[in-house]
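The values are calculated or read from the model by the stated rules, or taken from the named source; none is laboratory data. Model, not experiment: these values are computed from the prediction. Glycine also receives a Cβ, built like all others from the backbone with ideal geometry; neighbour counts cover every protein chain displayed. Just the protein is used for accessible areas: all its heavy atoms, side chains included, with ligands, DNA and RNA removed. Shrake-Rupley method; radii C 1.70, N 1.55, O 1.52, S 1.80 Å.
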Amino acid sequence: MDKEKTSQTPRRMTRSSASSPTSTSNNVIAAKVNSLEPLTINDLLVGGDPISLDDIISNFPGRRNQILEIVRLLGPLNSPMLPLFVYGGPCTGKTSVILQLFRHLNRPLVYSSCRTCYNQGILFESILNQLFLHRKNAANGYANAKRCDRPSDFVNFLREALTNVINNLKEKSEMLVSNKMRQEKIGNMIYLVFDNFHLVREWDKSSTILPVLFNLYDMLKMHEVGLIFISSTSPDTFYSNMGYVEPIPVYFPDYTEGDIRQILLRNQVNQKLYSSFLDVVLKSFYGITKQVGDLSAALKPLYEKYCEPLSDKGKGVAPDQQMRRRLLAHINPHIGPSLNEIFKVSSLSSTEVDALKDEKRKGNPRRLEKSEELGSLDFHMSTSAKYLLISAFLASRNPATLDASLFDSRGGSDNRKRKRKPSEKAMERKETLEEELLMKGPGTFPLERLLAIFQCLVSVAEDEEEPNNDGFGVEGGSAGLMSDVLLQLSSLCNANFIFKGRSCPIEGSTRYRSTISEDLALKVARSLKFPLSKYLYRS
């Protein structure tokens, strides 16, 4: 038993637990991973020093209700539970809260991320390796415990592995009771945690794997097994007519400005000085992004700039009103450029803009090339965000009735239908339609139309890249571009590039509208070498 006690070392650490003073040393973790000792049932525990529920609530501001709700749903020791579906936006503390709660409850779990396990074969093998207490090493040729490619084989192996684990847990519990040991019980329950579950929808065989994972509760019929799905999208984005027991949803909303202030103030040496810094910058940055990781990375160099006028001694005292005014005057010129860096959009200086205008007037070919080069470097957002921005611009500027004529079935522009010389009546109708569009301004569009245009533009880029390159040169192909499209759309809405309106009372879906100018859209298209004018409706 002493051997089992000494083997209780943490296996899974999160950013919050790593920064916590109660977390164990990284050297201890590395020593455990490099150890060749056989795995035990204690390796299914999250590990780390014991943590109280009050400490977890204090470590996650604004998450008290969610934490207490999850504890209630997990129930007392050895209590059966229905599947849970924990969802919310990125960086809202979903995974960290789950792992810290299992650290507090001291219960075994099998954690698998659908981001690192990027297909069903790797996901199945990862789960089975943990349940069979199997470690891949040179001695076994880095082989898996079981090899299974079919969902039916996975369910059979999973039932076998879970039975062995549950029996081991029952034997350990009985041994603790018979020996009257004071060691905290870990119970007979085993929990399967699927993190980043929304990524499963993008897998090749998602239509097969999703029903299997959602139906595990009914297929296994093992009350000692708990299922927890963690997703960045709501349960509505998954099929609801599969006949499975629907998981209990637990929603994690975005952090409020006050919550983010509490999180950022943690582990600060001079909290009063940092609080005065947040009074100046946090409101502006919070309007662009609510993700704690992005805010922390963006504010770190800005805080160093904020403290430049202070001496080493001054950094340790509370700032008075005179010092606050001096620091504010020093940091003000740097806030604007830092806000642009959040979305990685750099703007040209006024002198560069004047130089570009002079070069365009002179019409020097070499200088025009240089100006186009500068224009192409004007935007440094991700490639998928650029294509999504162009798609939104086209959806707002083009009539929806012309989508079929502007795009063929392969996603390209159908030029054959527009080669005929238009009649005078057609020209008049076209001019009238253009005038109406100009008077109305950018139109609204549903999400389905935006995604359809986005897929067409991605297909065009893929077709144009294939003759020149061995592979698709834009972030790994259409699959890479289609990943996290909803997250990119949310970022564009937060940056006010796309306006998100209310739900249409007739269609029942949310409508969007592009707010960027044509010049801005042309610059984005130029950076992608995308022929925007070819798809823009004109007279």
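Figures for the structure shown
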| quantity | calculated |
| --- | --- |
| Some residue of the range 195-209 being at pLDDT 90 or above, in the same structural domain as residue 84 (by the TED database), surrounded by 18 or more Cβ atoms within 10 Å (Cβ to Cβ) and in a strand (DSSP E or B) | yes |
| Test result for residue 159, farther than 30 Å from residue 255 by Cα, out of contact with any Gly (no Cβ under 6 Å at 6 or more places or on another chain) and open to solvent by 60 Å² or more (accessible area, probe 1.4 Å) | yes |
| Cβ pairs under 8 Å, 6+ apart, first in the range 304-316 and within 14 Å of residue 330 (Cβ to Cβ), second modelled with pLDDT of 85 or more and basic (Lys, Arg) | 309/326 |
| Test: residue in the range 264-272 that is out of contact with any Cys (no Cβ under 6 Å at 6 or more places or on another chain), assigned to a helix (DSSP H, G or I) and modelled with pLDDT under 85 | no |
| Breaking point among (1) without any contact (Cβ under 8 Å) to a residue 40 or more places away in the chain; (2) closer than 30 Å to residue 289 by Cα, for residue 94 | (1) |
| Cβ pairs under 6 Å, 6+ apart, first in the range 516-530 and in the same structural domain as residue 384 (by the TED database) and more than 14 Å from residue 392 (Cβ to Cβ), second modelled with pLDDT of 85 or more and open to solvent by 60 Å² or more (accessible area, probe 1.4 Å) | none |
| Matching residues in the range 68-81 - criterion: being outside any loop (DSSP other than H, G, I, E, B) and touching a residue at least 60 places away in the same chain (Cβ under 8 Å) | 69, 70, 73, 74 |
| Output for the range 132-142, where each listed residue is surrounded by fewer than 12 Cβ atoms within 10 Å (Cβ to Cβ) and outside any helix (DSSP H, G or I) | 137, 141, 142 |
| Subset tally (residues that are open to solvent by 10 Å² or more (accessible area, probe 1.4 Å) and part of a loop (DSSP other than H, G, I, E, B)) for the range 82-116 | 9 |
| Those residues of the range 137-152 which are under 19 Å from residue 119 (Cα atoms) and either touching a Ser or Thr at 6+ places or on another chain (Cβ under 6 Å) or touching a residue at least 12 places away in the same chain (Cβ under 8 Å) (or both), in sequence order | 144, 145, 146, 147, 148, 149, 151 |
| Cross-chain or 6+ apart pairs with Cβ under 6 Å, the range 228-243 first and under 24 Å from residue 447 (Cα atoms), then open to solvent by less than 50 Å² (accessible area, probe 1.4 Å) and modelled with pLDDT under 90 | 232/90 |
| Only listed residue being in a loop (DSSP other than H, G, I, E, B) and open to solvent by 10 Å² or more (accessible area, probe 1.4 Å), chosen from 259, 254 | 254 |
| Condition broken by residue 146, with the remaining ones in (1) outside any helix (DSSP H, G or I); (2) within 19 Å of residue 84 (Cα to Cα); (3) of a type in the set (D, E, K, R) satisfied | (2) |
| Residue check for residue 296: in contact with a helix residue (DSSP H, G or I) (Cβ under 7 Å, 6 or more places away or on another chain) and in contact (Cβ under 8 Å) with a residue 60 or more places away in the chain | no |
| Every residue from the range 283-333 that is over 35 Å from the mean Cα position of the chain (by Cα) and charged (D, E, K, R) | 312, 313, 315, 320, 324, 325, 326 |
| Subset of the range 284-331 that is under 30 Å from residue 96 (Cα atoms) and touching an Asp or Glu at 6+ places or on another chain (Cβ under 8 Å) - its residue that is least open to solvent (accessible area, probe 1.4 Å) | 298 |
| Within the range 377-396, considering residues that are under 18 Å from the mean Cα position of the chain (by Cα) and open to solvent by 10 Å² or more (accessible area, probe 1.4 Å), the one modelled with the highest pLDDT | 386 |
| Number of the condition not met by residue 281 [criteria: (1) surrounded by fewer than 18 Cβ atoms within 10 Å (Cβ to Cβ); (2) assigned to a helix (DSSP H, G or I)] | (1) |
